[in-house]
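Following: one structure in structure tokens, then a few remarks.
The values are calculated or read from the model by the stated rules, or taken from the named source; none is laboratory data. Quick caveat: nothing in here was measured; it's all calculated off a predicted structure. Here Cβ is always computed from backbone atoms with ideal geometry, including for glycine, and neighbour counts include all displayed protein chains. Keep in mind that these areas ignore ligands, DNA and RNA; they rest on the heavy atoms of the full protein, side chains included. Shrake-Rupley method; radii C 1.70, N 1.55, O 1.52, S 1.80 Å.
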Amino acid sequence: MKCIRPSDALFLFLAYLLLWVILLGCDAVRRNQESRARIAMESSMVRAYGLTDLCLASEARYTRHPSQADIHAPFQDHPMALEHFPSGSLIPPPPHLTRRTLP
Amino acid sequence: MTPAIARYRNILDFTLRAMLRRRGKNLLLLTLFTLVIAVFASILLFTQALRREAVLILKEAPEILIQRMVAGRHDLIPTGLAVRIESIPGVRTVAPRLWGYYFDPSANATYTLVVPPAGGIAEGKTRIGVGVGRSRKAFRGSTLSMRGYDGQEHSLEIEALLPEESELVSSDLVIISEPDFRSLFSFPAGYATDLAVTVANPQEIAMVARKITELLPDTRAITRTDIITTYQSLFDWRSGVMALIFASALISFAVFAWDRATGLSAEERRETGILKAIGWETSDILVMKFSEGAIIALVSFLGGCILAWVHLYFFWGSLFGVFLKGWSSLYPYFRLAPVIDIYQLSVLFTLTVPPYIAAILIPSWRAASMDPDTVMREQ
């Protein structure tokens, strides 16, 4: 029985991996087509209800609506209050609050 | 097959056999490299998918929001200001928005109450997000009771649950009519939470926003671009924090790979000496070492990307999806539309594959350029 050359085995393995990559690319196209209807529905809901934010973390005003947050939002209880929500430390201040303006 | 290709195939065969002789070490390297690439590819692809989703969904958000500030805090805005804003050239419409938060002690969750600007919901009725339905075990036809700011119970009939597929924007929403909203929160007449402004020419949004804040100095304007930028920076921030955590893994791997690559084992040095002694050229040895590095790096890169994809879209990014998406007592379940960002994957490729091959080549070149007799006598 003829033994397969190691380089042939390597090329076959690389082709197998590339086939996986192509199949996953096809999977991405399929999933994108499937999600089009969902995104259109979410967009229409945003338009109909005048929504501004994604519903990611709803435990505090500034985590539920980061784009609408006050500049001192993490200190809303009193000026020296420490940030105490886990998601708060993962949300940076929105750019319109940190934008530099001339004095 | 041309002689050059046949010659390279022979070197490749020899390289693979040599790698198989050291299979334990190479397998460990391959596994670690694959895992490191899988983690970073997952973070990149997941963040990109979240960013794209936010842009696509929030492009329908109000063009400009005008919020009144009192002592640095967002306050209710008189709806009468709409007339003054409408007088600014370029403004098409100004609509009051009514929305607020309701903390539900029974579910220990906070809901977002929204009045649709165009109406369309009868008094005494409500439409709720699936997250609210889950937390209250409520369904279509049942009653949602909330304690009003006047101390009274307000009961609303649930006429529908918002579609499950829209959880990313609607999980915690309670859609109610304006009379119910005002009555529940004892909300004063003639006031709104904020004002949504539409502009005739989208190119003029920033200028109109500036004019409004000049006309009404106690207000702030939030444009649609601000909203979208907020989410871009939010996901960038989170992926940065995530990448920072996994950077330790990357550094550990880099140290391991560097140590493995720069410190050629005695066996490998002896092998190099013997190959030179039997007539291999320095260039042949370099081709062999290049092939060794390229095989490990390419297989790891492809395997890492495949693993990342399988993790994100077949296992819902369970390793760190919660961290990147966010969570709360109303946990939104949602699937993301995949994004293949060739640019980011190319950057990942450039940052991982060529450095690894270079790290293999440099010490091999040193050993290959030495006299074979010296290399073999070192043992």
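Descriptive notes on the structure:
- Summing Lys and Arg as +1 and Asp and Glu as -1 over all other residues whose Cβ lies under 12 Å from the Cβ of B:Val287 gives a net charge of 0.
- A/B buried area, accessible surface, summed, 1.4 Å probe, Å²: 6200 Å²
- Rounded to the nearest whole Hz, the Karplus-based 3J(HN,Hα) values (6.51 cos²θ - 1.76 cosθ + 1.60, θ = phi - 60°) of segment A:31-37 follow the sequence 5, 5, 5, 5, 7, 4, 5, with x at glycine and proline.
- Folded to 0 to 90 degrees: helix B:266-277 orientation relative to chain B principal axis, Cα: 50 degrees
- A Förster radius of 60 Å combined with the Cβ-Cβ distance from B:Asn201 to A:Ile4 puts the calculated FRET efficiency at roughly 0.35.
- The residues neighbouring A:Arg30, those whose beta-carbon lies less than 15 Å from its own, together hold a net charge of +2 under the Lys/Arg +1, Asp/Glu -1 convention.
- Cα point-scatterer Debye curve for segment B:88-240, base-10 log of I(q)/I(0) at q = 0.15, 0.17 Å⁻¹: -0.93, -1.07
- Dipole of the protein assembly as shown, positive end: most advanced residue of B:Thr2, B:Ile37, B:Phe320 [Cβ charges, Cα centre]: B:Thr2
- About its Cα centre, the dipole of chain B is roughly 840 debye, where the only charges are +1 on Lys and Arg Cβ and -1 on Asp and Glu Cβ.
- Fully extended contour minus Cα-Cα distance, from B:Thr374 to B:Met69, at 0.36 nm per residue: 101.8 nm
- Size of electric dipole in segment B:151-303: Cβ of Lys, Arg +1 and of Asp, Glu -1, about Cα centre, debye, nearest 20: 920 debye
- Sites A:Arg36 and B:Tyr101 - FRET efficiency at Förster radius 30 Å, r taken between beta-carbons, to 0.05: 0.40
- Most positive-pole-ward Cα, B:Ser166, B:Ala247, B:Ile66, against dipole of chain B from beta carbon charges: B:Ala247
- For the protein assembly as shown: accessible area per residue (Å², 1.4 Å): 48 Å²
- If R0 is taken as 22 Å, the Cβ-Cβ distance between B:Arg17 and A:Phe11 corresponds to a FRET efficiency of 0.90.
- Student exercise, the protein assembly as shown dipole from Lys, Arg, Asp, Glu Cβ charges, in Debye to nearest 20: 1120 debye
- Taking label points 7 Å from Cα along the Cα-to-Cβ direction, B:Trp258 and B:Ala122 give a separation of 7.2 nm.
- Angle between chain B longest axis and helix B:342-369 axis [Cα atoms, degrees, rounded to 10]: 20 degrees
- Amide H contacts under 5 Å for B:Thr79, placed H, 5+ residues apart: B:Tyr191, B:Ala192
- Label-point separation in nm, B:Tyr333 to B:Ile274, each point 7 Å along Cα→Cβ: 6.0 nm
- Where a label projected 7 Å from the Cα of B:Val83 along Cα→Cβ would reach, residues of segment B:185-227 with amide N under 11 Å: none
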